[in-house]
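The values are calculated or read from the model by the stated rules, or taken from the named source; none is laboratory data. Fair warning: this is a prediction, and the values are worked out from it, not measured in the lab. Every residue, glycine among them, receives a Cβ derived from its backbone with ideal geometry; neighbour counts consider all protein chains shown.
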Amino acid sequence: MINKQNLWFLTLFSLILVLSVYYITMPSELLLTNNSNYDTNVSSDSDTDVVQIEESDLLTAMRVSLDEERLELQNTLQETLTSTSSSTEDKNEAYEKLRHLDEVKGKEETLENKIKTNFKLDNFIKIDGSEIQVVVVAQEHSSELANNIMRSIQEEFPEKVYVTVKFEK
């Protein structure tokens, strides 16, 4: 059974995560400390607002969404482990899935660090079975760079994996 300390930790962590995402996506006008100097009669020449996303914001959003998906999966697996009505086989299977999730997270971090050190590029990696999705933030989009990234990722796996590289600006 999940104890109170873990429940409070997950609750507070989720709250902090949601608030930080909200803070990051908040318009900069709301962050002004001196509202008396702020001109509320701002005229706009165009009807549409252009939102520019920085590279780190895009990668952060992708990481947060992946972490949320995995957190939900971990919670359901933890419930299976702590349930008194679950069979031993179900608990063993849930434990193996949790262990596999931890291995995948570690492998993703290792590959991200490898690309960052070898190619000096910000990146995001998602491993889903034998498929690996790589999102790279780079100004230049070249097939040679994509091939080099794919080769460096394939070196980490003994079996053949399907690697896709997507470039973002």
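Residues that are acidic (D, E) and within 21 Å of R70 (Cβ to Cβ) within the range 123-162 comprise D128, E131, E156, listed in sequence order. The criterion of being in a loop (DSSP other than H, G, I, E, B) and either modelled with pLDDT of 90 or more or farther than 23 Å from D122 by Cα (or both) holds for S46. Number of residues in the range 114-169 that are in a helix (DSSP H, G or I) and of a type outside the set (F, W, Y) equals 17. Do we find that I53 is in a loop (DSSP other than H, G, I, E, B) and modelled with pLDDT of 65 or more in this structure? Considered against the rule, which asks whether it is in a loop (DSSP other than H, G, I, E, B) and modelled with pLDDT of 65 or more, I53 comes out as no. Taken together, E131, E112 contain a single residue that is of a type outside the set (G, A, S) and free of Cβ contacts under 8 Å to residues at least 24 places away in the same chain, which is E112.
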